[in-house]
Structure formats: structure tokens, C-alpha cells
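Have a look at the structure below before the remarks.
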Amino acid sequence: MAEKRKDDKGRNLKDNEFQRSDGRYEYKFTDRRGDRHSVYSWRLVETDRTPPGKKKGTSLRELEKQILLDKEDWIDTVESQRTTLNELFEIYISGKVELKDSTRNNYIYMYDRFVRYELGTKRIANIHFTDIKSFYVHLMHDLGFKPNSIETFQTILHPVFENAVRDGLIRINPTNGAIAEIKRSFGWEKTKRKALTVPEQEAFVSYVAGSKKYARWLPLITLLLGTGCRIGEALGLRWEDCNFNENIITIDHALIYRQQDDGSMRFHVTTPKTRSGVRQIPMLNDVRDTLRREFARQRMMGFNDFVIDGYTGFIFSNRFGNPMSPHCLNRAIVSISNAYNAEETAKAEKENREPLLLPHFSAHHLRHTFCTRFCENETNLKVIQEIMGHASISTTMDVYNEATKEKKLESFANLEGKIRIS
């Protein structure tokens, strides 16, 4: 029987274990492709001390144990130690040919700006759940990111790691459960978007309609409150999308304003991400009349002539005749609300009553407000879903349940005392 090899401490070495002349331990193994590799450590077992002046690392027996476990589970140990997250992201994003250009550009921008030069340089085998959680905490606490943005990073990173799991590079996706853990740890709950109440909606519309300064915003506001369009869909609307004979507006594209790879901001026309986004919306009388008046005004003053990605004939523009961005309307809403609240506060004080003040809200709240009013007057959830262009019925249900809750309370208040129950 061959004599067992020993290390300089007299301990028996296993098959494929060696101690080099400089004192380092070596373990030789063959990967699943048949290629030979070696791993090294200054320590044979975990209890060994690291020689003075040498960098402490995982002991050889621990490395060996992990390699054998990986081989059993068909995990490519060597490749996972070679491959960085950046390399996996490039493979992932190049294969996502179905992504809209705007979505792709946003993913690449977010990754390059916040992931590539720190987390992205790490080897895939060395990224663990705690690394992902720490990264998200850093984004929230140090950089001030909101919950929506954190979920965008999860949307980007989760499939990248999932591909690594499927390719046998890692055993577990380190992003699994990260968002849920953040929510539990920090009591994070996304704020629910609130619709304007009926009195708030009426006060807002009346103020805009009666204001010389802000009246020019009334056509766009009327469209948003009367159709539930997303802001990009409304700004991308063209006259040819409005069929006044059949009283129908066709939604099949949106105008977006996004940062490009070179850092510049540009307008683009994009089509809906899902088929549910393509839809037809009947015109309410106020919407139809407002659009007709706007058409007559533009026929006298001149129609918009800018071209974006081959699309022309846009209904809405800024005061300089250029495409309008959502930020432009959002800034206007803030100015309108502030002006209204100041006047209403002064008037209420003079009349010795409580003022009806407008909350802080954005253009998207106008879509949510329409949806709420629609839910208050329509019981067919499928109709509501199709008009709103919701990809999931659960989104419709959330708004519907919130809207009908108020109606139920109102109904029971009217019922109070009218029937004998005790």
C-alpha cells in the first residue's frame, strides 16, 4: 500500500491534495467539461492559523467541500468564479429583443449609473442575499430612492441572476425575497394613489376654466379627466385618432420623453407594452365639444407641424409650438393648485368657513380620478379594465374596491334609521 502523503505538520493529505514548497495547500480537480483546475489556501482546515504576512482566506478543505458539492449539483464552480455580474447583464439585455426601446434604455441607464461600477464588478459566485439587501438599503438611505425605483432594480437584477441559476453558475438566486425583506425591515409600504374627491375635482376644473392665466390647460385636463388616458397617451394623441362621426378615440401609442445613452433628453413615440394598452374610448360630450373647439382654434391659428418618429398631427403642444412633456403639465398643476389654494384660503377666511383645499397631485392622479368616477358608476369590471387599458384585472379591482367602499358607506348612511333592525 502506498504511503500516505503528509503536510509539514504530519497530517495526512487526501487524494488530489498537495502542499507546495512555499507552504501553500493545493487541491486539483476536474470541472464538468473535463478541464483541470487548482485552488489554493494557506490553511488546510478552518482551525489553522494563517502564516504571518499572508492574506487569510477559506481553508482548502472548505474549498474542496464546496467544489464537490457543486459538482454533485452540476454547478460550474470555475465559471461562476470567473464571471462577473456585468458580463451576465450584457448577455441578458442583448437577449431581451422584445423590450421596448424606452424600457431598454431605462434599464441600461439605471444599471450603468448605479450597478456597473460596484456590485456589477463582483464575481457571480460571491454575490449573496445580504449583498443585494445592502445594495437596496444603500439606494434608499444614502441616495434617497423611492420604493418604485427599488422595484425597478429588482426587475432588472432578478432575471439576470435567474439566468445564472438556470445555466448552473449559481445554486440560488440572491435577489429572491430581497424586496419582501426590505418591506418587513423598514415598514415600507407604497403609498396609495388617491383620486380627487368630487368637490375637489369640481373646484379644480372650475378654477382652471375661469382663469385667464390657466385656461389654456383646460382642453388637456378635460381629456385626461374624461378618458382616463395615461399622460403619454394624451400628449401623443393626434387628430386622426379622434373619430368624431363614431364618437371614438383610438389609443395605440404614447409620446415619451426619455434620457438617451448620450445623456440627452428626446421625445419618442412608443406603442403599448401589452395588447390591453391598445383600445378605443368613447367620447363624453364634454370631451368631444372641447376637442372640436380646439380643432377650430388650430384651424385658424395653425396646426402643430412637428414630426416625431414619423408621427405628425399631434393635438397638444407647449406654448412655443413644440412637443409637450409630462413635466410641463405637472408643473402647471402645481402652479394651479397653489394659486387656487391661496385664493380659497383668503376667501374662506373672509366668509368664516373651512376652505376646500386641493391636495398635492400629478397628471397621473387625473387618470386615477377618472377611473374612480367610472368605478362609482359602472359595475362591469371587464368594461372598466378595457377602457383603462389595465393589463391585469387586479389593478382594476383595487380601484373598484376603493371607490365602491365609499359608495357603500354613503348608502348605509342613507339607510340609517329607515328600517327596524332591533
Does VAL45 qualify as being of a type outside the set (Lys, Arg), closer than 24 Å to LYS6 by Cβ, assigned to a loop (DSSP other than H, G, I, E, B) and open to solvent by less than 90 Å² (accessible area, probe 1.4 Å)? yes
How many of the residues making up the range 99-125 are touching a residue at least 40 places away in the same chain (Cβ under 8 Å), open to solvent by 20 Å² or more (accessible area, probe 1.4 Å) and farther than 27 Å from THR274 by Cα? 2
Under 9 Å between Cβ atoms, at least 6 apart or on separate chains: pull out the pairs that start in the range 177-189 with a residue that is acidic (Asp, Glu) and end on any residue that is at pLDDT 70 or above. GLU181/PHE129; GLU181/LYS133; GLU181/TYR136; GLU189/PRO147; GLU189/LYS183
Can you tell me which of (1) hydrophobic (A, V, I, L, M, F, W, C); (2) at pLDDT 95 or above; (3) open to solvent by 40 Å² or more (accessible area, probe 1.4 Å); (4) over 15 Å from HIS365 (Cα atoms) is the one VAL205 doesn't meet? (4)
Can we say HIS138 is exposed (fewer than 15 other Cβ atoms within 10 Å of the Cβ), within 19 Å of the chain's Cα centre (by Cα) and more than 26 Å from ARG266 (Cβ to Cβ)? yes
It is to be established whether one or more residues within the range 236-243 are open to solvent by 50 Å² or more (accessible area, probe 1.4 Å), in a helix (DSSP H, G or I), acidic (Asp, Glu) and within 19 Å of ILE333 (Cβ to Cβ). no
Checking the structure you have, find out if any residue of the range 291-299 is surrounded by 12 or more Cβ atoms within 10 Å (Cβ to Cβ), part of a loop (DSSP other than H, G, I, E, B) and among the aliphatic types (A, V, I, L, M). no
Residue hits (the range 48-70; surrounded by 14 or more Cβ atoms within 10 Å (Cβ to Cβ) and part of a helix (DSSP H, G or I)) are LEU60, ARG61, GLU62, LEU63, GLU64, GLN66, ILE67, ASP70
Within the range 392-422, which residues are open to solvent by 50 Å² or more (accessible area, probe 1.4 Å) and under 19 Å from LEU224 (Cα atoms)? THR395
Taking ASN341 and the conditions (1) modelled with pLDDT under 95; (2) out of contact with any Ser or Thr (no Cβ under 7 Å at 6 or more places or on another chain), which numbered condition does it fall short on, given that it satisfies the others? (1)
Number of positions in the range 4-18 that are open to solvent by less than 100 Å² (accessible area, probe 1.4 Å) and either in contact with a Cys (Cβ under 8 Å, 6 or more places away or on another chain) or not in a loop (DSSP other than H, G, I, E, B) (or both): 3
Could you pull out the residue among SER362, SER411, SER337 that is polar (S, T, N, Q), out of contact with any strand residue (DSSP E or B) (no Cβ under 9 Å at 6 or more places or on another chain) and farther than 18 Å from THR222 by Cβ? SER411
Which number in (1) in a helix (DSSP H, G or I); (2) open to solvent by less than 50 Å² (accessible area, probe 1.4 Å); (3) closer than 30 Å to LYS71 by Cα marks the one condition that GLY168 misses? (1)
Count - residues of the range 19-42 that are assigned to a loop (DSSP other than H, G, I, E, B), surrounded by 13 or more Cβ atoms within 10 Å (Cβ to Cβ) and either over 46 Å from the mean Cα position of the chain (by Cα) or of a type in the set (Val, Ile, Thr) (or both): 2
If the requirement is being at pLDDT below 95 and open to solvent by less than 20 Å² (accessible area, probe 1.4 Å), which of these qualifies: ILE249, ILE256, ILE221, ILE182? ILE182
With the requirement that a residue be open to solvent by 60 Å² or more (accessible area, probe 1.4 Å), of a type outside the set (A, V, I, L, M) and within 24 Å of the chain's Cα centre (by Cα), what does the range 71-98 give you? GLU87, GLU90, SER94, GLU98
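Which helices (runs of 4 or more DSSP H) sit wholly inside the range 323-422 and have at least 2 residues that are in contact with a Pro (Cβ under 9 Å, 6 or more places away or on another chain)?
Working: elements: 326-350, 363-377, 381-388, 393-415.
Those helices (runs of 4 or more DSSP H) span 326-350, 363-377.
The values are calculated or read from the model by the stated rules, or taken from the named source; none is laboratory data. Everything quoted here is computed from the prediction, not taken from an experiment. Don't worry about glycine lacking a Cβ; one is built from the backbone with ideal geometry, like all the others, and counts go over all protein chains shown. Just so you know, the surface numbers come from the protein's heavy atoms only, side chains and all, with ligands and any DNA or RNA stripped out. Shrake-Rupley method; radii C 1.70, N 1.55, O 1.52, S 1.80 Å.
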